[in-house]
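Working notes, beginning with the structure itself.
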């Protein structure tokens, strides 16, 4: 799924489009929410518990509807302040992941692709995500703005499936993400972490892939196609804008 820098970038686009007081009064909480579904890594819980999406289901899924059905207390009109902004951001994350799975991952790398059985398919997917994340974090002023907003964020309370204290821990991690240089220093680490699942071909194959990141990144872009990738981003931005607007109205 898209990396955290990409989630921040898309959340910025949605917030700028909407220009709503519920977000503008606490962009820090909003940005925190835009990354928060991935707190599951820190909590060590199943993806379904924070994303409300089952990767083993192949029919269309509405993550936001599932979340609000399970936790009606999170309806936008029932929330205030930082928690309301946080949940608005949370919706952007759910929409971006949902759209990526349907429009990029499954048709290009996963079950509906021609390379689903290729052990390198998940590595290509991860290389694509890494490159998009680097591009999304390349605007240093924008990431500095995220960090400044996080530093002044209000305290988020009462999200029923995430302990309040863990949200504060997560904020420090996201500040670190926003502060990182937009480079390839972590590329090898990222691919190595995913290599075990992909059976890519051992350490030598991983070293070869990481020796020149641009080679495998170019291959990933060739698989997806720039037009599809641009269409996915546009569609995700449009969908998230409408879902957040509806949530806050």
Problem set entry | Fully extended contour minus Cα-Cα distance, from residue 112 to residue 135, at 0.36 nm per residue | 5.6 nm
Seminar exercise, completed: Placing each pseudo-label 7 Å from Cα in the direction of the beta carbon, residue 249 and residue 70 end up separated by a distance in nanometres of 2.7 nm
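For residue 175 and residue 62, FRET efficiency with R0 = 25 Å and r from the beta-carbon atoms, rounded to 0.05? All intermediate terms of the calculation are to be shown ahead of the outcome.
Details: r = 31 Å, r/R0 = 1.25.
Efficiency at R0 = 25 Å is approximately 0.20.
Ignoring everything except DSSP H segments at least 4 long, calculate the 222 nm mean residue ellipticity for the chain; use -39,500 (n - 2.57) per segment, divide by total residues, nearest 500.
-20500 deg cm²/dmol
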For this session: Averaged over every viewing direction, what's the projected area of the C-alpha convex hull for the chain? Give it in nm², one decimal, please.
Result: 12.5 nm²
For this session: Subtracting the Cα-Cα distance from 0.36 nm times the residue separation, let me have the gained length for residue 164 to residue 42 in nm, one decimal.
Result: 42.6 nm
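A short reminder: the numbers here are calculations on the coordinates, not readings from a lab. Treat the numbers as computed from the prediction; the structure is a model and nothing was measured. Positions of Cβ are generated from backbone atoms using ideal geometry, with glycine treated the same way; all protein chains shown enter the neighbour counts.
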